[in-house]
Amino acid sequence: MSDPSAAEQPGCRVFEHEVVVRPGDVDSARHLNHVAMIGFFEYGRVRAHHDARLERRDLPDMSTVVRHLSVEYLAQAAMFQALRVRTWVRRDGRTSRTWAQEIVRPDAVVVARAECTSVLVDPATGRPASLPDIYREIFAAYRES
């Protein structure tokens, strides 16, 4: 998963959102807890959808489930530190989207990288559903080349 970040992908836009390390995000050894980092990654993906909806009000509501999540922990972060969650699309499948993400400290050190595959599901049946064209189009600028 040590692929280059989106910043190194020409033409790929990146969603960026700030998160602050709260006291409850730090474990007894004073490390940023891995569960908190997973929550930060989730926040980044949810905010990416929110931001996309601001650009395209006609974007339909989507029900997704996480199929796969892998995280590579690379560095520490301190309590009350403001971090950036960077999110972009690695690839789209017929019913799924694979996201690439990283959490970055103010000194530009990458704290963690994640890859998450989410699957679009039909809320009525719970079965996978095809990604609509509008959903692919709005995120096209955020997709790796």
- Task: Output the residue which, of all residues in the stretch 9-30 that are free of Cβ contacts under 8 Å to residues at least 60 places away in the same chain and part of a loop (DSSP other than H, G, I, E, B), is nearest to Val46 (Cα to Cα).
- Result: Arg22
- Specify the residue that is modelled with the highest pLDDT; the eligible residues are those in the stretch 42-65 that are of a type in the set (Val, Ile, Thr) and more than 23 Å from Glu18 (Cβ to Cβ). Val65
- Message: Can you pull out every residue in the stretch 31-89 that is hydrophobic (A, V, I, L, M, F, W, C), surrounded by fewer than 15 Cβ atoms within 10 Å (Cβ to Cβ) and part of a helix (DSSP H, G or I)?
- Response: Val35, Val46, Leu54
- Query: Could you count how many residues in the stretch 98-117 are crowded, with 19+ Cβ neighbours inside 10 Å and either touching a residue at least 40 places away in the same chain (Cβ under 8 Å) or outside any strand (DSSP E or B) (or both)?
  - Reply: 10
- Note on the structure: Across (1) within 24 Å of His31 (Cβ to Cβ); (2) in contact (Cβ under 8 Å) with a residue 40 or more places away in the chain, Asp122 clears everything bar (1)
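If I go through the stretch 128-144 residue by residue, how many of them are basic (Lys, Arg) and either at positive phi or in a helix (DSSP H, G or I) (or both)?
Counting residues in the stretch 128-144 that are basic (Lys, Arg) and either at positive phi or in a helix (DSSP H, G or I) (or both) gives 1.
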- Task: Consider His31 carefully, then state whether it is modelled with pLDDT under 95, of a type outside the set (S, T, N, Q) and either farther than 25 Å from Val119 by Cβ or in contact with a Gly (Cβ under 9 Å, 6 or more places away or on another chain) (or both).
- Result: yes
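The values are calculated or read from the model by the stated rules, or taken from the named source; none is laboratory data. Just so we're clear, the structure is a prediction, and the values are computed from it rather than from any experiment. All Cβ positions, even for glycine, are placed from backbone atoms using ideal geometry, and neighbour counts span all protein chains on display.
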